[in-house]
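Read the structure below first, then the notes.
Here, each number is a calculation from the coordinates, and none is a lab measurement. Note that this is a predicted model, so its numbers are computed, not measured. Please note: Cβ atoms are built from the backbone with ideal geometry, for glycine as well, and neighbour counts cover all protein chains shown.
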Amino acid sequence: MEYSVKSGSPEKQRTACVVVGVFEPRRLSTAAEQLDQATGGMISAVVRRGDMEGKLGQTLLLHTNADTAMTDRILLVGCGKEREFNEKNYRATVATAADTLNQTGAMEAACYLPELHLKGRDIPWKVRQAVLAVEEALYRFDQLKSKKDTERRPLRRLILHVPSRRDLNDGEQAMREGIAIAGGVGLAKDLGNLPGNICTPAYLAKKAADLTKHQERLEVEVLEEAQMEELGMGALLSVSRGSRQPAKLIVMRYRGGAEGEKPIVLVGKGLTFDAGGISLKPAAAMDEMKYDMCGGASVFGTLAAAMELALPLNLIGVVPSSENLPDGAANKPGDVVTSMSGQTIEVLNTDAEGRLILADALTYSERFDPETVIDIATLTGACVVALGSHASGLLGNHPPLVNDLLAAGRESSDRAWELPLWDDYQEQLKSPFADMANIGGKEGGTITAGCFLSRFTRKFRWAHLDIAGTAWRSGEKKGSTGRPVPLLVQYLLDRVAEK
Ligand code: BES
Ligand code: MN
Ligand code: ZN
């Protein structure tokens, strides 16, 4: 999609379609009002006849016919009650407009929805979120279908309208950010939606290499199992031993900042299929464990967005990638493995594999002398129980970092919620045979997973995002969400603004 930002009144737009909002009950937005006057009361007449109540999600397409100095069509979009108009309703309204436009003959439209008043949110926010909502609405994952149902006249160009010329600069910057974030979200979604037989560790490594095309500031290195062996990554390798796909440790270095400036390191769990290993998962919905690499995918997406925006930061993405399958060589409950840090781990449940591969990837990150390390992982089913699918779980060893991530989540509407990383929970990881066990029992499963990781992050500021509930949707609209790319890019934008 091609986007632009413009100001100017709706009755003067010569375009295929102008999109304006109507609130419930039958109350015209400012832009709708202006169009109404210019058309001699066309919109108020239609509304009076009862064809547009203004309910959220309602749409009505009008053809203007007569006047060539004007738009060909007007799309009325219901916004719900004005008093209840919130962020969610705003995004839903924009998404409905995009969906509808895509099915009409209008391939270009001027959208006045960013001009709607939304409490606490400025024009740039509304422009950014509009781009994200449109891309979300139009996203399709059909690369594996032999017949694709494409629209005959899809929406190609969307002009986002802002109230005054003074808003243009900020609006355009927000549009660029929105496009970059949406690109990163799309990449993360595609990788997530790909099945385990296609998206293997080697496939992810290849994708990382592809990212370097036309990107002089990005350098990719892929560590093979032999190199991991040499580094002593016994925890990571114990997981991949049960699989025929060799593990890869993908390292992506983006040098956007000053030389010598400490990097922000993003570590993403890249488990391309998690059957549980010998502690085999039940069959129901096991296909969804193809999404167990979504943490890694969010690292790809975030780096792609950061590069698109040429952010002046040094960033390193680290994606440990493996499968977790049952096999004669796989981890067995009770096995004791030695991590790169030297700490030994009793593998009481082979399904708690994410923390094993992350442990070594986190230890490996020490060599970058990081400013901060953030890991992102579909780590625990317990997180879905605790927070559902609305917030990612967040734990960390440095309160300011945790607060920055919480704030970035609120700003990007990709929220996280903190859980306590108290020492009290560390007790649950005690093992009679090794330095620690890889599980902490039934209670506080997301927290004990965080405690486990914290034993490999003592040398730097670190936070952990558990995205088990947020990275994909189940059911009818099954698919990867691209979260938490918006949160992470916002975090990076905030760091740039801070400088
Ligand atoms: N990838 C899963 C976590 C998961 C489960 C994410 C369900 C989303 C939905 C992870 O590797 C895992 O299996 N975790 C175990 C840990 C347990 C054995 C302590 C879990 O959550 O059941
Ligand atoms: Mn598992
Ligand atoms: Zn897993």
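Summing Lys and Arg as +1 and Asp and Glu as -1 over all other residues whose Cβ lies under 13 Å from the Cβ of D424 gives a net charge of -2.
Starting from the Cα of N349, step 7 Å toward the Cβ, then list every residue of region 451-478 with an amide N under 19 Å from that point. Residues 451-455, 465-470 fall inside that zone. Can you grab the distance from the C-alpha centre of region 388-411 to the C-alpha centre of region 37-67, Å, no decimals? Going from one Cα centre to the other spans 43 Å.
For region 355-459, what class follows from the C-alpha gyration tensor (a ≥ b ≥ c being the square roots of its eigenvalues): rounded when a/c is under 1.5, otherwise prolate if a/b is larger than b/c, else oblate?
Working: a/c = 1.98, a/b = 1.22, b/c = 1.63.
Taking the square roots of the gyration eigenvalues as a ≥ b ≥ c, region 355-459 is oblate.
Taking each of K6/K119; K55/K147; K206/K262 in turn, the alpha-carbon distance tops 32 angstrom for K55/K147. Extension gain, R49 to R157: 0.36 nm times the residue separation minus the Cα-Cα distance gives 35.7 nm. Of the residues Q343, P114, Q143, the one whose Cα sits farthest toward the positive end of the charge dipole of the chain, with +1 on the Cβ of Lys and Arg and -1 on the Cβ of Asp and Glu, is P114.
3J(HN,Hα) along region 382-396: 4, 5, 5, 5, 6, 10, x, 10, 8, 10, 7, x, 9, 9, x Hz, from the Karplus curve 6.51 cos²θ - 1.76 cosθ + 1.60 with θ = phi - 60°, whole Hz, x for Gly and Pro.
What the phi angles of region 303-309 give under the Karplus curve with 6.51, -1.76 and 1.60, with θ = phi - 60°, is a coupling list of 5, 4, 5, 4, 6, 4, 8 Hz, glycine and proline written as x. Here the Karplus curve 6.51 cos²θ - 1.76 cosθ + 1.60, taken at θ = phi - 60°, turns the phi angles of region 315-329 into couplings of 10, 10, x, 10, 10, x, 10, 6, 9, 10, 10, x, 5, x, 9 Hz, with x standing for Gly and Pro.
About the Cα centre of the chain, how large is the charge dipole given +1 on each Lys and Arg Cβ and -1 on each Asp and Glu Cβ? Please answer in debye to the nearest 20. Intermediate results must be reported in sequence, preceding the final value.
On the way: 59 positive and 65 negative charges, 282 e Å.
With Lys and Arg at +1 and Asp and Glu at -1, about 1360 debye.
For I198 and H398, the FRET efficiency from 1/(1 + (r/R0)^6), where r spans their Cβ atoms and R0 equals 45 Å, is about 0.75.
Net charge dipole, region 371-455: roughly 240 debye, given to the nearest 20, about the Cα centre with Cβ charges of +1 for Lys and Arg and -1 for Asp and Glu. Can you give the angle from 0 to 90° between the axis of helix 354-365 and the longest principal axis of the chain, with both taken from C-alpha atoms, to the nearest 10? Once rounded, the angle reads 90 degrees.
Give the calculated FRET efficiency between K147 and N169 to the nearest 0.05, with a Förster radius of 45 Å applied to their Cβ-Cβ distance.
On the way: r = 44 Å, r/R0 = 0.99.
Using R0 = 45 Å, I get an efficiency of 0.50.
When the pairs K207/K269; K145/K478; K248/K478; K145/K290; K290/K332 are compared against a 20 Å limit on Cα-Cα distance, K248/K478; K290/K332 fall above it.
Farthest towards the positive end of the charge dipole of the chain, among the residues V373, V319, A283, is the Cα of A283, using unit charges on the Cβ of Lys, Arg, Asp and Glu.
Amide hydrogen proximity for Q13: with H placed 1.01 Å from N in the peptide plane, the residues at 5 or more positions away or on another chain lying under 5 Å are T71.
Using the average count of surrounding beta-carbon atoms within 10 Å as a protection proxy, the listed peptides 461-471, 382-392 rank, highest first, as 461-471, 382-392. Helix 445-454 and the long axis of the chain differ in direction by around 60°, with both axes built from C-alpha atoms. Between 0 and 90 degrees, the angle of helix 87-103 with respect to the longest Cα principal axis of the chain falls at about 70 degrees.
Mind putting a number on the dipole of region 454-499 about its Cα centre? Charges go on the C-beta only, +1 for Lys and Arg and -1 for Asp and Glu, and I need it in Debye to the nearest 20.
The calculation lands at about 240 debye.
Remark on S279: its backbone amide H falls under 5 Å from those of T350, D351, a criterion applied only to residues 5 or more positions apart or on other chains, H modelled at 1.01 Å from N.
Using 0.36 nm per residue, how much length does the chain from R458 to T30 gain when fully extended, once their Cα-Cα distance is taken away?
148.5 nm
Can you give the FRET efficiency to the nearest 0.05 for E82 and A310, using r as the Cβ-Cβ distance and R₀ = 41 Å? It comes out at approximately 0.55.
Restricting to DSSP H runs of at least four residues, report the calculated mean residue ellipticity at 222 nm for the chain, -39500 (n - 2.57) per run over all residues, nearest 500 deg cm²/dmol. Please report the intermediate quantities before stating the final value.
Values: 15 runs with 176 residues, N = 499.
When only DSSP H runs of four or more count, the value is -11000 deg cm²/dmol.
Residues whose amide H lies under 5 Å from that of Q58, counting only those 5 or more places away or on a different chain, are G78; hydrogens are built 1.01 Å from N in the peptide plane.
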